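J.: Mind having a look at this structure? Questions to follow.
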Amino acid sequence: MYDTKKGTRTPCTILQVDQCQVVASKTRAKNGYWAVQVGCGYKTPDNTTAPQLGYYEAKGMAPKRHLTEFRLTPDWFRVGQFVDARSNSRGMGFAGGMKRHGFAGQEASHGNSKNHRTIGTNGPSQGGGSRVHPGKKMPGRMGNERVTVQNLRVLKVDNKLGIVVIKGHVAGPKGCIVKISDAIKKDPPVETFIEKTKRLMLERNVGHEERLEQARIAHMDLKEMRKQLQMVG
């Protein structure tokens, strides 16, 4: 993003909110904690199990590709707010000790034959139990780990396009799933913004309780119909 007044440019990452919907609400009386279950993406009914189809049918929505839980709603974020982004880093396959852990390698002097990039000894003997201790840095699979990038500032929020632009970078390749939430090391949004967000959410979803009740009634009717067909068959 470019600031024409100051003449500066800011590297940013565009995150798309893909068909993001609140699927369920968790309460302390029923579940022991307060949270909302949010789903994103689309999943074909052929690749969805029967219990999951019934779960989404009762909500009156299409099956979701991914489900997660937040203690906030999707329209929570605002410009200037700090968030934490969690995602899986890019997988790089099997790597040696020099690439994976930054080892310096062995000397390339006389007598060292085809052993320049090996890690050397890895199991102490006398006094160490003649074994490899847990956590030893060795060659192995590199990347594809859960990474959290903290304190990223929100630069833009566009509900029509369904995007959130944040300053800096997030871990993972293009198209990966990123979970963003309020930064734990920064102050939460002010109460006035929270009340405004709740009011806008209710205005955008007029009659949501009636639609949800109609979906539940239709779900029970379809469930009874499927039960009768199984008894006849």
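J.: If the viscosity is 1.306 mPa s and the temperature 10 °C, what translational diffusion coefficient in µm²/s does Stokes-Einstein give for region 50-127 when Rh comes from Kirkwood over Cα pairs?
T.: Calculated translational D: 82 µm²/s.
J.: OK, next. What list of ³J(HN,Hα) values in whole Hz, one per residue of region 155-161 in order, does the Karplus curve 6.51 cos²θ - 1.76 cosθ + 1.60 (θ = phi - 60°) give from phi, with Gly and Pro shown as x?
T.: 9, 7, 10, 10, 6, 5, 7
J.: With +1 on each Lys and Arg Cβ and -1 on each Asp and Glu Cβ, and nothing else charged, work out how big the dipole of region 4-84 is about its Cα centre, in Debye to the nearest 20.
T.: The calculation lands at about 400 debye.
J.: Please arrange ASP84, ASP46 by counting, for each residue, the other beta carbons lying within 10 Å of its beta carbon, fewest first.
T.: ASP46, ASP84
J.: In the structure displayed, which of LYS26/LYS179; LYS156/LYS198; LYS99/LYS136; LYS137/LYS167 lie more than 22 Å apart, Cα to Cα?
T.: LYS137/LYS167, as the Cα separations exceed 22 Å there.
J.: Using Cβ counts within 10 Å as a stand-in for footprinting exposure, how do HIS219, HIS169 rank, fewest first?
T.: Sorted ascending by nearby Cβ count, the order is HIS169, HIS219.
J.: Roughly how many whole Å is it from the C-alpha centroid of region 21-51 to that of region 178-233?
T.: Answer, in whole Å: 9.
J.: Just one of (1) 144; (2) 131; (3) 285 is volume of the Cα convex hull per residue in Å³ calculated from these coordinates, so which is it?
T.: (3)
J.: Give the relative contact order (percent, whole number) for the chain; include only Cα pairs under 8 Å separated by 6+ residues.
T.: 25 percent
J.: Can you give me the distance in nm between label points at THR8 and ALA95, each placed 7 Å from the Cα along the Cα-to-Cβ direction?
T.: 3.2 nm
J.: Given the rule -39500 (n - 2.57) for each run of at least 4 DSSP H residues, summed and divided by the residues of the chain, what is its mean residue ellipticity at 222 nm, to the nearest 500 deg cm²/dmol?
T.: Dividing the helical sum by the residues of the chain leaves -7500 deg cm²/dmol.
J.: Full-extension gain between HIS116 and MET225, please, as 0.36 nm times their residue separation minus the C-alpha to C-alpha distance.
T.: Residue separation times 0.36 nm, minus the Cα-Cα distance, leaves 32.2 nm.
Since every read-out is calculated from the coordinates, none of them should be taken as a lab result. No experiment lies behind these values; they were computed from the predicted model shown. Glycine also receives a Cβ, built like all others from the backbone with ideal geometry; neighbour counts cover every protein chain displayed.
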